[in-house]
Amino acid sequence: MEIIISHLVFDKSSLLACSMTCHSWYIAAVSHLHHSLTTDDKPPYFGSAKGNSWPGPLQKSYELGLLPLVKRFRIRLQGSDYPAAFASDRLDKRTLRYFSALTNLQELGIDNLQIPSFMPNIQQCFGHLAPTLRLLALGEPRGSCRQILYFISLFPNLQDLKLHYPYPKGVQESAADAALVPLSIPPLRGRLILTHFTREDLVKDIITFFGGLRFRYMDLFRVKCTRLLLDACAETLETLKVYATDPYGEKFHGRKRTQTQLSDLQMETASRSIISICRGSNTSEHSRSQRNRLSPPSPPRLISSKPYSPPSRLLYP
């Protein structure tokens, strides 16, 4: 029964029907119904529910005892009722009790996380997520490089990292920041997705304090430190996703140097991937011939290059 109902994971109406059939069907369906939870600060118009504002969904799920079922939690701050920031004042004593009930969370996404406001007690707020968290998505986080690095190190089993950071400069490091030592070295062997990312200094600090980068998949758009990332993940990278409309990727679109650059990139990724560069959806015969010539003998993982379409702010799949 559980296997059959699991095939309905993307059909919410069918899951609801199953949950109302009998107790055994409810037990099988409830974990899929409450797999994901999103809270935001959108004003209650244009069909938006007022109860979706922070911490409404969190409180309601807590009262129903459903938070241990949540595997994905997104904190989206876009409204005008509160400052567009997730700071320590949002986790008061009562709300922190709700938040601490997320004992099986695997994916966490936060918009505008104000890390300095949580220091030095940030582990008390997020430490309960350490055993289970596998994916961390941060949209425009605020804090020094050392503070962001310290926050990432709270999760020793972290595999995937998604960052959106358009600001050219971050918060200046203080004397207290210099004393921050990462609590762990996350494996970070899964996916790295960066959009509008300008913090090359943060990438260098991650490489230094975590002993390098080992991502197998990278999705990059408007990333200034692309070359640094390719060098750091040269031995592990299997899939690279780039975009023809990326202004920082123009060096891969040169007419005379395309063949050499594709060869260099493929050597850097240990021939695990095909690099496909095109302008738009129609690939020229020349591009196809270059791609076929550079293909490794064994079937590679997917490499794509297409016009960029903006994803959700936290880039959930």
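For F221, the test of being hydrophobic (A, V, I, L, M, F, W, C), assigned to a loop (DSSP other than H, G, I, E, B) and within 14 Å of the chain's Cα centre (by Cα) is failed. Within segment 36-91, the only residue that satisfies the criterion of being touching a Gly at 6+ places or on another chain (Cβ under 8 Å), among the polar types (S, T, N, Q) and modelled with pLDDT under 85 is S53.
Filtering segment 14-25 for residues that are modelled with pLDDT of 65 or more, of a type outside the set (D, E, K, R) and closer than 28 Å to P156 by Cβ leaves an empty set. Of all residues in segment 141-151, those that are hydrophobic (A, V, I, L, M, F, W, C), out of contact with any Pro (no Cβ under 7 Å at 6 or more places or on another chain) and either assigned to a loop (DSSP other than H, G, I, E, B) or at pLDDT 90 or above (or both) total 1.
Please specify each residue of segment 171-201 satisfying the condition of being at pLDDT 90 or above, of a type outside the set (K, R) and not in a strand (DSSP E or B). Correct list: S184, I185, P186, P187, L188, G190.
Condition check ((1) at pLDDT below 95; (2) in contact with a His (Cβ under 9 Å, 6 or more places away or on another chain); (3) surrounded by fewer than 17 Cβ atoms within 10 Å (Cβ to Cβ)) across all residues:
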| site | (1), (2), (3) |
| --- | --- |
| L102 | yes, yes, no |
| I110 | yes, no, no |
| I115 | yes, no, no |
| F118 | yes, no, no |
| Q123 | yes, no, yes |
| L135 | no, no, no |
| G139 | yes, yes, no |
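Exactly one residue out of P166, P57 is in contact with a strand residue (DSSP E or B) (Cβ under 6 Å, 6 or more places away or on another chain) and assigned to a helix (DSSP H, G or I): that is P57.
Pick out the one residue from L154, L133, L96, L102 that is part of a loop (DSSP other than H, G, I, E, B) and more than 30 Å from T236 (Cβ to Cβ).
Selected residue: L102, the only one of L154, L133, L96, L102 that is part of a loop (DSSP other than H, G, I, E, B) and more than 30 Å from T236 (Cβ to Cβ).
Contact map, segment 175-186: residues that are closer than 18 Å to G211 by Cα paired with residues that are polar (S, T, N, Q), Cβ distance under 6 Å, separation 6+ or inter-chain. Pairs shown: P182/S153; L183/S153; S184/S153.
The values are calculated or read from the model by the stated rules, or taken from the named source; none is laboratory data. All of these numbers come straight from a predicted model, not from anything done at the bench. Cβ atoms come from the backbone with ideal geometry, glycine included; neighbour counts cover every protein chain shown.
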